[in-house]
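So the structure is just underneath, and the comments pick up after that.
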Amino acid sequence: MTRLELAMTTPDHDDLQARAKDYVEHLPAETALGNADPAGGSTDDPELYDENAEGRKQQ
């Protein structure tokens, strides 16, 4: 074994879980929820979108 291989450690489950939790806690809310929008999202009225979707279902 090389000196580098001896110095390397394998992280345990608890350590990985803590690091993942810390990483997710520092993400913006949009990214953490899985729907990141770099353009900043829409300011349109969601009610208009819902009405349009209902109209398409009826056709």
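The values are calculated or read from the model by the stated rules, or taken from the named source; none is laboratory data. Because the structure is a prediction, the values reported are computed rather than measured. So basically every Cβ, Gly included, is an ideal-geometry build from the backbone, and we count neighbours across all protein chains shown.
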### Task
Can you run down the residue pairs with Cβ atoms below 9 Å, 6 or more apart or on separate chains, where the first is in segment 10-22 and modelled with pLDDT of 90 or more and the partner is surrounded by 10 or more Cβ atoms within 10 Å (Cβ to Cβ)?
19/11
#### Entry: Hits in segment 23-59 - residues which are at pLDDT below 80, charged (D, E, K, R) and under 12 Å from the mean Cα position of the chain (by Cα)
30, 37
